[in-house]
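S.K.: Let me give you the structure first, and then I'll get to my questions.
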Amino acid sequence: MTAVLAAEAEEANASLYAAIETGDLDRIEALWDSADDLVCVHPGSSLLTGRSRVLRSWAAILANVDYIQFVLSDVVVRVSGDTAVVTCTENVLTGDGSALRGGSGCATNVFRRRDDRWRLWVHHTSPSPGVQDD
C-alpha cells in the first residue's frame, strides 16, 4: 500500500509542475489543500502563509512568465501515514519572449491525504548553488 501511496504522491507532484508549465491556475488551486494553514516559499522570496496569499503568489508568477519548463531530477518520495514529502531538483528553463534562461532549485513539497487524494500543503524551493570551479 505504501508503494501505491508514494506513486500517487509522485503523480500529484508531477501534476503541480505540469500545471505551472501550462499556466493552469485553476489546476494549481485544485492541487493545494483547501485549509488555510498552507505555506509557500518561492526562490528568493519571503515566507507566504495562508491559502489566499499562496494562491495569489502563483497568479503573479503565471502573469509574469511567458514560458516555463521543468525537468525534475533526484525525485525522492517519503510517505508516513497521511503525509508525503517529495524532494527534487527543479531544472527550469524560463523565457520572456526575447531570451531563455536556465536555473535550478532544490524543492520540498509536502502533501497531505484528504478525500482519498494528495493535496499540497507546503512548497519550498531554494536556488541551487552555482557550479564552482576548483
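Each reported figure results from applying straightforward, stated rules to the coordinates on display, with no laboratory input. Just so we're clear, the structure is a prediction, and the values are computed from it rather than from any experiment. So basically every Cβ, Gly included, is an ideal-geometry build from the backbone, and we count neighbours across all protein chains shown.
S.K.: Calculate the dipole size of the stretch 2-127 relative to its Cα centre from +1 charges on Lys and Arg beta carbons and -1 charges on Asp and Glu beta carbons; express the result in debye to the nearest 20.
M.R.: Details: 11 positive and 17 negative charges, 59 e Å.
For the stretch 2-127, the charge dipole is close to 280 debye.
S.K.: Same structure again: Using the Karplus equation 6.51 cos²θ - 1.76 cosθ + 1.60 (θ = phi - 60°), what ³J(HN,Hα) coupling, rounded to whole Hz, does each residue of the stretch 81-91 give in order, writing x for Gly and Pro?
M.R.: For the stretch 81-91, the Karplus-derived couplings read x, 9, 10, 10, 10, 10, 10, 6, 9, 8, 9 Hz, x marking Gly and Pro.
S.K.: Let me ask something else about it. So what's the net charge close to Ser80: Lys and Arg +1, Asp and Glu -1, counting the other residues with Cβ under 12 Å from its Cβ?
M.R.: +2
S.K.: Let me ask something else about it. Taking the Cα-to-Cβ direction at Ala14 and at Cys106 and moving 7 Å from each Cα, how far apart do the two end points lie in nm?
M.R.: 2.5
S.K.: Under 5 Å between amide H atoms, partner at least 5 residues away or on a different chain: which partners does Leu38 have, H built in plane at 1.01 Å?
M.R.: Here the answer is Gly50, Arg51, since their amide H atoms fall under 5 Å of that of Leu38.
S.K.: While we're looking at this one, here's another question. Go ahead and estimate [θ] at 222 nm for the chain from helices alone: -39,500 (n - 2.57) per DSSP H run with n ≥ 4, summed, over the residue count, rounded to 500. Display every interim value, and only then the final one.
M.R.: Details: 3 runs with 40 residues, N = 134.
Rounded to the nearest 500, it is -9500 deg cm²/dmol.
S.K.: Taking H as built 1.01 Å from N, whose amide H comes closer than 5 Å to the amide H of Val75, not counting residues under 5 places away?
M.R.: Thr89
S.K.: Return the FRET efficiency for the residue pair Arg78, Ser45: r is the Cβ-Cβ distance, R0 is 41 Å, and the value is rounded to the nearest 0.05. The partial results should precede the final answer.
M.R.: Working: r = 25 Å, r/R0 = 0.61.
My answer for the efficiency is 0.95.
S.K.: With a ≥ b ≥ c the root eigenvalues of the C-alpha gyration tensor of the stretch 12-94, is it rounded (a/c under 1.5), prolate (a/b larger than b/c) or oblate?
M.R.: Details: a/c = 1.58, a/b = 1.08, b/c = 1.46.
Note, shape of the stretch 12-94 comes out oblate.
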